[in-house]
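Q: Sending over a structure as structure tokens; questions will come in a sec.
FYI, it's all coordinate maths here, none of it is from the lab. What you see is a predicted model, and the numbers here were worked out from it, not measured in a lab. Note that each Cβ is placed from the backbone with ideal geometry, even for glycine, and that neighbours are counted across all protein chains shown.
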Amino acid sequence: MSTEAPTHCVVQTTLPSEAQAAELARAIVSARLGACVQVQAIRSFYVWQESAHDEAEWLLTIKTRSALYPALATFIRAHHPYQTPEIVQLPMTAGSAAYLAWVDANTGPV
């Protein structure tokens with residue numbers, strides 16, 4: 001088993017509308033902070049400010065390099081409508097070499 005830190009990750013965040021999710025997804029890809037962003041309709045159950053919620057949301061699944069996570073998290077916070085947005089990093093422990101090379105080629109400096 002490798003002791004090296006994963007070089008790639010998936011980052012997730014949620015948005016309250018499809019239009020806002022699409023706008024943020026496009027901005028992330030344009031800024032080259034993510035190679036691909038998938039947008040899915042979901043239903044979230046949670047407690048916020050002592051009140052239970054059952055809401056439709058849109059999940060963004062962002063494929064990127066681990067080194068870009070700090071910049072991506074800052075970008076999401078700056079462009080997100082929620083007071084406390086979900087920003088979760090999930091390390092990729094393995095993946096297709098060709099796919100990961102594509103992620104590398106499509107993230108980072110323009």
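Q: Once the piece of chain linking His79 and Val29 is laid out straight, how much longer is it, given 0.36 nm per residue of separation minus the C-alpha distance between them? The partial results should precede the final answer.
A: Values: separation 50, 0.36 × 50 = 18.00 nm, distance 1.35 nm.
Gain on extension, His79 to Val29, equals 16.7 nm.
Q: Hey, another quick one. If you place +1 on the Cβ of every Lys and Arg, -1 on the Cβ of every Asp and Glu, and leave all else neutral, what size is the dipole of the chain about its Cα centre, to the nearest 20 Debye?
A: Taking the Cα centre of the chain as origin, the dipole is about 400 debye.
Q: In percent, how large is the relative contact order of the chain, given Cα pairs closer than 8 Å and 6 or more residues apart?
A: Relative contact order, the chain: 40 percent.
Q: Taking a label point 7 Å from the Cα of Ala71 along the Cα→Cβ vector, which residues of segment 26-43 have an amide N closer than 11 Å to it?
A: 31-34
Q: Also, I was wondering about something else. For an R0 of 41 angstrom, estimate the FRET efficiency from the Cβ-Cβ distance between Ala41 and Glu4 and round to the nearest 0.05.
A: Calculated value: 0.70.
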